[in-house]
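The next block holds one structure in the form of structure tokens; read it before the comments.
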């Protein structure tokens, strides 16, 4: 029976790994997060992840791996390829040529699906979050890196190689020549990742602020914080304006840890966006915050994706 079944949604990030256990209706039965241990090999990492998840499954619903009540596991990871089941190269994890889907199936003894983590966040927002009302939107996750997930005509867009829609690697015209984690120069991720924003803060202020402090000082209208916010909002809006003319979305939905800057930040980005974007799109594209706690989108999306894959 569907109403007896559960699914795992897992987000393997460059900084943290998040685990969610969901019922068929999308209710979150368990959530936990811990630092991603990059010292482990991929095989060891998935084995440790399996031990933890089997303990969660046993504690919450009293069954082990192999039970028919576990629909499957949906996992988001940087550069995860839905079609091949591989992670060819994920710089933020230090992974190369990892058969992630096979490792998951062997470990969890159930169905598995893998996606780029930003793609899963988009799926989560479409099924259970801020994207439910839209047929065309772009989910932008601002975290350890910058990821984008495209929902076009109501469906996830992957491109022919499952690596399409990598908006974090749009190249900005910039004088700083900042290196991206992928090895490129002046990519959007160079400026809007958590590390990129911290570098901008230090360049402007000569001080090491956390992003949380930047948000607090921005809301307090601290002139120092305002100067930094307007800079990073301009850089983000530049990237969004390029995506907008290519895909014509109804909205951009901002998620990830950096989204904790909040709605006031979104308003500044929207103002910059409308200054930069082609006239045909001015004041026609919404910029919103993700609604799935802003940091659980890929976890929700993983569960939603595997449920849809199994029961479609």
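Picking from 14, 74, 9, which residue would you name as being in a loop (DSSP other than H, G, I, E, B), under 19 Å from residue 295 (Cβ atoms) and in contact with a strand residue (DSSP E or B) (Cβ under 9 Å, 6 or more places away or on another chain)?
Details: 74 fails: in a loop (DSSP other than H, G, I, E, B); 9 fails: in a loop (DSSP other than H, G, I, E, B).
Exactly one residue qualifies, and that residue is 14.
Somewhere in segment 196-218, is a residue closer than 30 Å to residue 113 by Cα and surrounded by fewer than 20 Cβ atoms within 10 Å (Cβ to Cβ)? Taking every residue of segment 196-218 in turn, none turns out to be closer than 30 Å to residue 113 by Cα and surrounded by fewer than 20 Cβ atoms within 10 Å (Cβ to Cβ). Kindly indicate whether any position in segment 4-14 is surrounded by fewer than 16 Cβ atoms within 10 Å (Cβ to Cβ) and closer than 30 Å to residue 182 by Cα. No, segment 4-14 has no match at all.
Please find, among 54, 125, the residue that is assigned to a helix (DSSP H, G or I) and within 20 Å of the chain's Cα centre (by Cα).
Values: 54 fails: within 20 Å of the chain's Cα centre (by Cα).
Going through 54, 125 in turn, just one is assigned to a helix (DSSP H, G or I) and within 20 Å of the chain's Cα centre (by Cα): 125.
Over 19 Å from the mean Cα position of the chain (by Cα), surrounded by 21 or more Cβ atoms within 10 Å (Cβ to Cβ) and not assigned by TED's automatic domain parsing to the domain that holds residue 255: does that describe residue 63? Spelling it out, it is not the case that residue 63 is over 19 Å from the mean Cα position of the chain (by Cα), surrounded by 21 or more Cβ atoms within 10 Å (Cβ to Cβ) and not assigned by TED's automatic domain parsing to the domain that holds residue 255. Among all positions in segment 87-95, there is at least one residue which is assigned to a strand (DSSP E or B) and in contact with a helix residue (DSSP H, G or I) (Cβ under 6 Å, 6 or more places away or on another chain).
Applying the condition of being more than 14 Å from residue 139 (Cβ to Cβ) and surrounded by 23 or more Cβ atoms within 10 Å (Cβ to Cβ) to segment 252-268 and asking which residue is modelled with the lowest pLDDT yields 261.
The values are calculated or read from the model by the stated rules, or taken from the named source; none is laboratory data. As the structure is a computational prediction, the values presented were derived from the model and not from experiment. Note: ideal-geometry Cβ built from the backbone for every residue, glycine included; neighbour counts use all protein chains shown.
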